Amino acid sequence: MNKKESNIIFKCSNCGFSQPRWLGRCPQCNEWNTFEEAREQKGNAKLKVNDKQEPISFNSISIENNQRYITGISEFDRMIGGGIENKSATLIGGEPGIGKSTLLLQLASPSMTHFAKGHTILYITGEESAAQIKERATRLNLETDGIQLLCTTKIENAIDVMNELKPILVIIDSIQTMYSYDTGLIPGTINQLKYCSNELILWAKEHNSAIIMTAHVTKEGYIEGPKSLEHMVDTVISFERNNEDLRFLHSQKNRFGSVDELGIFSMTDKGLIPVIDQTSLFITKRTEDLPPGVSYTPVFEGSRVFIVEIQALTIPAKASISRVYSEKIDNARVNRIAAVLEKRCGIRFSDQDIYVNVAGGIKLTESSIDAAIATALYSARTDIPLPPKTIIFGELSLAGEIRSVNKVKQRINASLGLGFTNIIAADEDKDIIYKTDLKQLIKYTFSQKSH
């Protein structure tokens, strides 16, 4: 029998301290029950990199090789900053069944993307079988020439194949399934995620390749694992959906582009299709008059303007304490605006349960939506609808002032383009009704005829 190539050790999942026996408390970081079984490799199974690095002159650094791979999927390219950067690592997080694997398979297919043609793409999966992935590609009618599929969960096996094929793009689905003998036998631990991600990122930097990894998310919607995982990669993408077939891709971190761009897709039987006409995507089409509690406002997502519909509803509180129910707009913001309305306009919200929604399921964080929220809440509380074809935007202060926001002309043009003729904001422009005070805004808006 050959001598064993590895010995069993116990390693702290918090700080990485290792020793030959299990301990209840780590002597280095003082955390309890953090020791996990691992194997100490005697061989040279790790990724080989140059351990010694020499400093170089800043002026001698060339960026010519740092090119982007244009995928041809317009919404993905826009969101990520113009294409996938080589020598980059991207992390995509989303709930189960949202379409992460579908998106990655489309990125790998020459029939969908430009850069995949003539190059090797390596798709590494630890969650699905080869037959399942082949079945999906067939159902989506995708070309698979140039795609190499590897079903494994061992990082050492993946690195060996990557060294052999030298692919231009490596897809890992998902990083939580990968493990190394060096850090234990259980995938998904903190040490496993750090170690496997680091090995993949180092390989991509040295071989002019790009890595895209999918990640599981918690029930709160955050990427599962240590926060350091998000610091290690170059781009972090959140994959979300509304209650229908729309999918939203947006960057939470991007070293090569803006984090403000939003990619919008529709999930169909042919896969994820970019939504081209997005201007009125978040507006409910109505044939009758506008109901109470609805207002419209223009918001910026990256370089594009969307007109969104904010909906509000108020009912008497079911308990002694009123509550705010709002998924797409922060509860604290809704509470603050209701408090300003109560103080400055004398309309009571403290005995009301408040419900706020955004049509289309898009999340809003801009301060420019404050004035529109205020009018929607007032309309819901008084049961008086806003006048038709009205757009309202502006930031609301605690003193009840309406403040100006940026990119006013773009907001005006988008509103006029959709037929909104009554634009109210705190900006002096010929197309705007100028209001700088919440009382003035409420009085002017709801004194107009609704029909």
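The values are calculated or read from the model by the stated rules, or taken from the named source; none is laboratory data. Note that the structure is predicted; figures quoted are calculated from it, not measured. Here Cβ is always computed from backbone atoms with ideal geometry, including for glycine, and neighbour counts include all displayed protein chains. Heads up: the accessible areas ignore ligands, DNA and RNA and are worked out on the full protein's heavy atoms, side chains in. Shrake-Rupley method; radii C 1.70, N 1.55, O 1.52, S 1.80 Å.
Taking the Cα of Lys430, stepping 7 Å toward and past its beta carbon, and measuring to each backbone N in the range 397-415: which are under 20 Å?
Under cut-off, by backbone N: 407-415.
Every cysteine in the chain with no other Cys Cβ under 4.7 Å from its Cβ, please list them in numeric order.
Those would be Cys151, Cys196, Cys345, since no other cysteine Cβ in the chain comes under 4.7 Å of theirs.
Determine the dipole magnitude for the chain: charges of +1 sit on the beta-carbon of Lys and Arg, -1 on that of Asp and Glu, nothing else is charged, the reference point is the Cα centre, and the result goes in debye to the nearest 20. Walk me through the numbers on the way to the answer.
Details: 52 positive and 54 negative charges, 122 e Å.
With Lys and Arg at +1 and Asp and Glu at -1, about 580 debye.
Using a 1.4 angstrom probe and counting only protein chains, how large is the accessible area of His250 in Å², to 10?
Roll a 1.4 Å probe over it and His250 shows about 50 Å².
Output ³J(HN,Hα) for the range 432-437: one whole-Hz value per residue in order, computed from phi by the Karplus curve 6.51 cos²θ - 1.76 cosθ + 1.60 with θ = phi - 60°, and x for Gly and Pro.
Karplus-based 3J(HN,Hα) across the range 432-437 equals 10, 8, 7, 9, 10, 9 Hz.
Using a 1.4 angstrom probe, figure out how much accessible area the range 98-183 has per residue, in square angstrom, rounded to the nearest whole. If you can, show how the numbers build up before the last one.
Values: 3340 Å² over 86 residues.
Computed with neighbouring chains in place, this is 39 Å² per residue.
If I compute solvent accessible area with a 1.4 Å probe over the protein chains, what percent of it on the range 90-186 is carbon and sulfur?
Working: 1840 of 3810 Å².
Looking at the range 90-186 in its full context, I get 48 percent from C and S.
Say a paramagnetic label sat at a point 7 Å from the Cα of Asp260, along Cα to Cβ; which residues of the range 305-326 have their backbone N under 18 Å from it?
It comes to 305-308, nothing else.
At 0.36 nm per residue, minus the direct Cα-Cα distance, what do Asn208 and Ser320 gain on full extension? Give it in nm, one decimal, please. Write out the running numbers ahead of the final one.
Numbers: separation 112, 0.36 × 112 = 40.32 nm, distance 6.18 nm.
Contour length minus the Cα-Cα distance gives 34.1 nm.
Helix 190-206 versus the longest principal axis of the chain: what angle, 0 to 90°, nearest 10, using Cα atoms?
80 degrees
Using 1/(1 + (r/R0)^6) with R0 = 41 angstrom and r between the beta carbons of Asn30 and Lys117, what's the FRET efficiency to the nearest 0.05? Display every interim value, and only then the final one.
Numbers: r = 55 Å, r/R0 = 1.34.
After rounding, the FRET efficiency stands at 0.15.
If you roll a 1.4 angstrom probe over the protein chains with everything in place, what fraction of the accessible area of the range 221-361 belongs to carbon and sulfur, to the nearest %?
Values: 3330 of 6780 Å².
That share works out to 49 percent.
With 31 Å as the limit, write out which pairs from Lys11/Lys328; Lys318/Lys389; Lys219/Lys343; Lys166/Lys227; Lys154/Lys227 have Cα-Cα distances beyond it, or answer none. Write out the running numbers ahead of the final one.
Values: Lys11/Lys328 42 Å; Lys318/Lys389 35 Å; Lys219/Lys343 37 Å; Lys166/Lys227 29 Å; Lys154/Lys227 23 Å.
Among Lys11/Lys328; Lys318/Lys389; Lys219/Lys343; Lys166/Lys227; Lys154/Lys227, the Cα-Cα distance tops 31 Å for Lys11/Lys328; Lys318/Lys389; Lys219/Lys343.
Treat each spin label as a single point 7 Å out from the Cα along the C-beta direction, and report the Ala130 to Ala332 distance in nm.
5.2 nm
Restricting the count to DSSP beta bridges whose residues both fall in the chain, what percent are antiparallel, rounded to a multiple of 5? Mind showing how you got there, number by number?
Values: 47 of 80 bridges.
Given both bridge residues lie in the chain, the antiparallel proportion sits at roughly 60 percent.
What whole-number value in Å² describes the accessible area per residue of the range 304-451 for a 1.4 Å probe?
Values: 6930 Å² over 148 residues.
Heavy-atom SASA per residue in the range 304-451 reads 47 Å².
How far is helix 370-382 tilted off the main Cα axis of the chain, in degrees rounded to 10, range 0 to 90?
60 degrees
Roughly how many nanometres apart are two label points built 7 Å out from the Cα toward the Cβ at Lys227 and Lys253?
Those two pseudo-labels are separated by 1.0 nm.
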